[in-house]
Each structure stands twice: as structure tokens, then as C-alpha cells.
Amino acid sequence: MMLAVCVTVVLGLLSVSGSQAAPLTCEDLLRPLELSSVTQTLGKWVYIAESSDRPFWEQILYTLLHSAWIEVSVPVSTQNNILDIAQFYGFGISHQNAFGFGCSRIDSNFTLHDNSTWTSVIPIPVTEVLLTTCSDCLLTLERWDEDGKTYTSLTLYSRRRELTATELDFYKKQVDCLSLPPATFVDPKKDLCPDTTPPIEDQIAKEVENAVEVISEIPRMLRNTFEQLKNSVYQPFSDIFG
């Protein structure tokens, strides 16, 4: 994503001029992104890393998340302050390479309160603030309430699959400023889910349909089993006694 002003800010923050380089403060690191237009956030963003204080989130990501990406778009014939975000997740035993992975898609609508602050109520109420990051990256600071507690997450996306060591170090310092756990990074070599992945609602409906079809076949299967059992028991007697 990043516009000229973001590039200027980031280059200024990351520039090094020997011993004269001023240390970065958390105020610098957590500076909200100043967007001139929301169109700069549109398009495909690949999931790079995430840090969250939600219990067990790091273990869940490390164990199950294969890869992820999002597509940000403006719905046709809607208000200008509405965004559609399609989230594509590949889940599997990613660090055991045993069972491959399956794909899911979650669609959400976000309301823009300004170009760098978004809120959504589905699947849960969440507020996202865009922060300063690398020139073709998207960094979201997310906060939401769950079970009476407020949780925070810092998620890094990019147009690229891999970032430089300097860019990743910048992100890690942002994580530290928020006192969040160390971030979990996905393997950039892993395949991404295709954009043809159906929404999770359609996947659930299909699974239910398949389950109903299987259940409807149970009476026929039982009848066939009973007939086979009956024949295996009574046929020998029929052969003997005619």
C-alpha cells in the first residue's frame, strides 16, 4: 500500500547516518499512517506475521496456519466509507508436512472512520488502525473485546512474499513497543489459497448437504446389511432342508 508520504516517513525512520542517527522512539514506530486516499489500501496483501496477546494465539498460528492473504475492495453501489475484505486462510499441520492444507475464506465489511481507522462488527466487533510501515506493506493494529477482555493484535501484510531484514526488524520493534509477545511469521515458500476459494458459509452449507445425504443413505445401508446377514444365516439351512 503506501503512498508518497508513507515512503518519506519510513525512509526517514530507517535511514542511518553513522553515529548521528537518532534512536527510534515508540512514538515514531507507532505513528498512524496518513493516507491521502483509501484506494492505496485496495488489492491483494499477503500475510507476513502477527503478534497478539490473545491466549494461545501464537501456538494456534504456529501449529495450524499454512498461509494467508487478504483482498481489499470497495463494494459496487455502496457508500464510499465501506470496504470489503476477503480473508483467505490455508490451515493444516504446516510444520509437520503430513496432511497438506485446506482453504477457507471469510468475508467482512469494514466502515471507514477516516482513511487509517476501520471498524467491523462481523464476525466480532473490531477496530483497526493502520500504522507506519514499509513502502508496499500494510500494518494493522487491531483491538477487540472477547469474554469481557480487550485483546490487541499487530498484523503485517505486504505486496511481496518476503521482506528485508531491516523491514522485519522495524516490525519487531513495533511489537516490542506494544508489549506484545514475539510475532509468528509464516513461511513465504508456502502456497497461497486460490482466489476461487468459496466463502466459509458456502463450505459449511456443502458439508451439511453432504452429511444429510449420508444420513439419508443409512436406512438403505441397514436394509442391505440385514438382507446380507439374513441370507448368510438362512441360506445354509435352505440348502440342507430344501
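What follows is calculated from the coordinates using simple rules that are stated; it is not laboratory data. What you are looking at is a predicted structure, and each value in this text was computed from that prediction instead of being measured. FYI the Cβ positions are ideal-geometry reconstructions off the backbone, even for glycines, and counts take in every protein chain you see.
You can think of it this way: the chain between Ser179 and Thr164 has 3.1 nm of extra reach, that is 0.36 nm per residue less the Cα-Cα gap. In a fully extended conformation the segment linking Glu34 and His113 would gain 27.1 nm over its present Cα-Cα distance, using 0.36 nm per residue.
Each residue of segment 56-70 is assigned a 3J(HN,Hα), and the resulting list reads 6, 5, 4, 5, 5, 4, 5, 7, 10, 7, 8, 6, 7, 7, 10 Hz, derived from the Karplus form 6.51 cos²θ - 1.76 cosθ + 1.60 (θ = phi - 60°), x at Gly and Pro. Picking from Trp144, Cys103, Val175, whose Cα lies most toward the positive end of the charge dipole for segment 97-191 (charges on Cβ: Lys, Arg +1; Asp, Glu -1)? Of the options given, the answer is Cys103. Applying 1/(1 + (r/R0)^6) with R0 = 30 Å to the Cβ-Cβ distance of Tyr62 and Tyr151, what FRET efficiency is obtained, to the nearest 0.05? Once rounded, the FRET efficiency stands at 0.95.
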